[in-house]
Amino acid sequence: MIDLQTLVQETGAESGLSFNIDGILNESVNLEYDGNVAAMIGMILKMCLEMSEDVNNGDLKQVMIKNNDGIVVASKNQDDNCVALLSKDLSKMGLLLRRMDSVFNN
């Protein structure tokens, strides 16, 4: 089981959430409208998963969204459980990507 609060603290992210690929929220930390965010990120993951399958690139594991005001890193496991971290500090991108690579391996 993932300790979302610890994951947010370790990475310095502003917020995080755990949910399934269908966008059903399990838990959130420091996030307003967490149900809506889980649904939107779930849909993005599902669309990227289908695209990855269509172009025969293997199973989708992670998606990164970068904009002018921050970054979102979302990962999923083989059972379609998902975790996303959100940060307004773009300099944390490497840390978020690295930590999220291992989030389902522990």
| query | Normalised by the residues of the chain, what does the relative contact order come to in percent, with Cα pairs under 8 Å and at least six apart? | reply | 27 percent
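Assigning unit charges at the beta carbon (Lys, Arg +1; Asp, Glu -1) and nothing else, what dipole magnitude in debye, to the nearest 20, does the chain show about its Cα centre?
Working: 8 positive and 16 negative charges, 72 e Å.
Dipole about the Cα centre, nearest 20: 340 debye.
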| Length released on extending from Ile24 to Glu50, taking residue separation times 0.36 nm less the Cα-Cα span | 7.5 nm
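Roll a 1.4 Å probe over the protein chains and send me the accessible area per residue for the chain in Å².
Computed with neighbouring chains in place, this is 60 Å² per residue.
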| field | Amide hydrogen neighbours beyond the local backbone of Asn26, cut-off 5 Å, H modeled | value | Ser18, Phe19, Asn20
| query | For all pairs of alpha-carbon atoms in segment 4-103, what percent lies in each bin of width 10 Å, listed from the first bin to the last filled one? | reply | 17, 52, 28, 3
| task | Please sort 26-33, 13-20 by packing, taking for each peptide the average over its residues of neighbouring beta carbons within 10 angstrom, highest first. | result | 13-20, 26-33
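Between Glu14 and Lys61, take the C-beta separation as r, use R0 = 25 Å, and let me know the FRET efficiency to the nearest 0.05. Please list the in-between numbers first.
On the way: r = 23 Å, r/R0 = 0.92.
According to the calculation, E is roughly 0.65.
The values are calculated or read from the model by the stated rules, or taken from the named source; none is laboratory data. Note that this is a predicted model, so its numbers are computed, not measured. Glycine gets a Cβ as well: all are built from the backbone with ideal geometry, and neighbour counts include every protein chain shown. For the accessible areas, the whole protein counts, side chains as well, though only heavy atoms, and no ligand, DNA or RNA atoms are used. Shrake-Rupley method; radii C 1.70, N 1.55, O 1.52, S 1.80 Å.
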